[in-house]
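Undergrad: Following this message is one structure expressed as structure tokens.
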Amino acid sequence: MRKGLSLIKSLFFFGTRPEAIKLAPLVREFRKRPKIFDVRVCVSAQHREMLDQVLSFFGIVPEFDLDIMRPNQSLYDILGRSLHGVRDVLRSFHPDYLIVQGDTTTTFTGALAAFYEKVGVIHVEAGLRSFDKYSPFPEEMNRVLTTRLTDLHFAPTEKARQNLLEESVPEDRIFVVGNTGIDALFLCLRKLSRKSPGDFEALKPVDFSKKIILVTGHRRESFGKPFENICQALKQIARVDDVEIVYPVHLNPNVRKPVYEILKGVSNVHLIEPLDYPSFVWMMNRSHLIVTDSGGVQEEAPSLGKPVLVMRDVTERVEGIEAGTAKMVGTSKNRIVRETLGLLRDEAAYNRMARAVNPYGDGTACERIRKILRGRLLPGK
Ligand code: UD1
Ligand code: UDP
């Protein structure tokens, strides 16, 4: 990384909805200091609609858009297109460093291309590990490989820092700052404080006098039988009278097929399009309970005091489990039904989980990252 310049040339690179949500507040934070940071944003657009929803909410117009998304794309498609595209942007902008976030294939290709171009890599949300190569797939290996290519690691929690230390990452290159997703969440909540159900078109059919179960799911390792199990479980849970299931269905065709085949038309189930970020946050806040396999949702829900049942066999977000606000329930139909109905009926168990604890951050991660980077890259300024 070059030092001593008056302006730090920073290139953000991301491609999917969660990366955008977690990097948008950092882009905004850097842009508040134009005399220090020369900021450009490049999106792979590994997601298209779901990315654009986030960009529009945060008012970010990328300087570079690789527009790589194709229907039902393979990992090879994403990797090839993203790697070539970001190479060209690195060669034209010559940043001092590239900032990537999380564990998607866009994240990994950004870090790899930056390495090939001898540009420094900054990794936000570094150090998460499930310790299972194939779960989540391919995210666990994307994280491990991104770590190897990274120069400065911004870890959300102490546990993440420990994971990096155990992989021999030098201590002075790791900074525990919290998760920038919590910064995004707080920012969004401030804007939402006076909204009601009528403000959200997609939620108009939902009966908010009932207990709302909010569902999301998209993990590649759950495609096929596990997803069918999940849908069958939801179908059974929907028989409970005072419950409404609200399920914004991910645009991945491997998710949509089983979900619509099994759940379309089932009473008490609302299959809707992916919600824009503020609508989803509002919905989380209004829900009784969240059933998900999402990484980001596992981090957000504890801040809102919402119990989360995690439809996975392993998680890298163990802090929420240890804090008692999240519980792993796997992908077997019977277990999902049993755990969900248990929480609906057992008030004491529900109350034990519904505590607003926030193991993932306090909403100041972006400011901390900005200050640390300024100190490292422009010493004395
Ligand atoms: C990707 C990431 C995953 C992340 C998730 C967040 C990889 C390999 N996967 O998984 O780590 O947790 O995003 O949601 O990096 N699609 C659209 N429009 C969109 C988005 C997706 O139509 O806006 C459809 C397309 O057909 C696309 C497919 O979904 O080909 C799959 O998208 P992809 O990014 O490959 O996988 P995700 O499951 O979204
Ligand atoms: N989210 C959203 N709309 C939705 C569902 C989720 O804006 O309909 C947000 C959610 O608040 C979280 C992020 O998307 O910040 C999680 O994305 P996803 O579950 O797709 O990916 P993961 O976090 O598992 O990588």
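The values are calculated or read from the model by the stated rules, or taken from the named source; none is laboratory data. No experiment lies behind these values; they were computed from the predicted model shown. Here the Cβ is made from the backbone with ideal geometry for all residues, glycine too, and neighbour counts use every protein chain on show. Calculation scope for accessible area: heavy atoms of the full protein, side chains included, ligands and nucleic acids excluded. Shrake-Rupley method; radii C 1.70, N 1.55, O 1.52, S 1.80 Å.
Undergrad: Of (1) open to solvent by 10 Å² or more (accessible area, probe 1.4 Å); (2) closer than 30 Å to Thr109 by Cβ; (3) in a helix (DSSP H, G or I), Ser168 satisfies all except one. Which?
TA: (3)
So that you can scan it fast, the table gives a plain yes or no per residue for (1) closer than 20 Å to Arg345 by Cβ; (2) in contact with a Gly (Cβ under 8 Å, 6 or more places away or on another chain); (3) modelled with pLDDT under 95:
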position: Lys225; (1), (2), (3): no, no, no
position: Leu251; (1), (2), (3): no, no, no
position: Asp276; (1), (2), (3): no, no, no
position: Val281; (1), (2), (3): no, no, no
position: Ser294; (1), (2), (3): no, yes, no
position: Val329; (1), (2), (3): yes, no, no
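Undergrad: Here's another thing I want to ask about it. Taking only pairs six or more apart or across chains, which ones have beta-carbon atoms under 9 Å, a first residue in segment 96-112 that is under 10 Å from Val86 (Cβ atoms), and a second residue that is among the hydroxyl-bearing types (Ser, Thr, Tyr) and within 12 Å of ligand 2 (Cβ to nearest atom)?
TA: These pairs meet every condition: Val100/Thr106; Val100/Thr107; Thr106/Thr16.
Undergrad: Which one of these does Ala113 not meet: (1) surrounded by fewer than 24 Cβ atoms within 10 Å (Cβ to Cβ); (2) over 23 Å from Gly361 (Cβ atoms)?
TA: Unmet condition: (1).
Undergrad: Restricting to segment 74-99, name every residue that is of a type in the set (S, T, N, Q) and open to solvent by less than 30 Å² (accessible area, probe 1.4 Å).
TA: Our first condition is that a residue be of a type in the set (S, T, N, Q); within segment 74-99, this holds for 74, 82, 92.
Answer for segment 74-99, where residues must be of a type in the set (S, T, N, Q) and open to solvent by less than 30 Å² (accessible area, probe 1.4 Å): just Ser82.
Undergrad: Oh, and also: Among the candidates Met141, Met69, single out the residue that is in contact with a His (Cβ under 8 Å, 6 or more places away or on another chain), farther than 19 Å from Ile8 by Cα, within 15 Å of ligand 1 (Cβ to nearest atom) and not aromatic (Phe, Trp, Tyr).
TA: After ruling out the rest, the residue left standing is Met69.
Undergrad: Ok, one more. Is at least one residue of segment 363-378 farther than 30 Å from Lys35 by Cα and of a type outside the set (Lys, Arg)?
TA: No, that holds for no residue.
Undergrad: Please state which one of Val310, Val297 is without any contact (Cβ under 8 Å) to a residue 24 or more places away in the chain, within 11 Å of ligand 2 (Cβ to nearest atom) and open to solvent by less than 20 Å² (accessible area, probe 1.4 Å).
TA: So the residue among Val310, Val297 that is without any contact (Cβ under 8 Å) to a residue 24 or more places away in the chain, within 11 Å of ligand 2 (Cβ to nearest atom) and open to solvent by less than 20 Å² (accessible area, probe 1.4 Å) is Val310.
Undergrad: Here's something else I'd like to know. Within segment 145-168, work out how many residues are without any contact (Cβ under 8 Å) to a residue 60 or more places away in the chain and under 17 Å from the mean Cα position of the chain (by Cα).
TA: Residues meeting the conditions: 3.
Undergrad: Now a separate question. Return the residue satisfying two criteria in turn: it lies in segment 171-186 and is outside any helix (DSSP H, G or I) and within 16 Å of ligand 2 (Cβ to nearest atom), and of such residues it is surrounded by the fewest Cβ atoms within 10 Å (Cβ to Cβ).
TA: It comes out as Gly178.
Undergrad: Taking the conditions exactly as written (surrounded by fewer than 24 Cβ atoms within 10 Å (Cβ to Cβ) and more than 16 Å from ligand 2 (Cβ to nearest atom)), does Arg48 satisfy them or not?
TA: no
Undergrad: Return the total of residues in segment 202-224 being part of a helix (DSSP H, G or I), under 27 Å from Val314 (Cβ atoms), touching a Ser or Thr at 6+ places or on another chain (Cβ under 8 Å) and open to solvent by 40 Å² or more (accessible area, probe 1.4 Å).
TA: Within segment 202-224, the first condition is being part of a helix (DSSP H, G or I), and the residues that meet it are 202-203, 220-222.
Remaining after also requiring under 27 Å from Val314 (Cβ atoms): 220-222.
Add one more test, that the residue is touching a Ser or Thr at 6+ places or on another chain (Cβ under 8 Å), and what stays is 221-222.
Next cut, open to solvent by 40 Å² or more (accessible area, probe 1.4 Å) only: 221.
Matching residues across segment 202-224 total 1.
Undergrad: From the set of residues in segment 118-163 that are over 23 Å from Val314 (Cα atoms) and either at pLDDT below 95 or open to solvent by 10 Å² or more (accessible area, probe 1.4 Å) (or both), which is farthest from ligand 2 (Cβ to nearest atom)?
TA: Lys118
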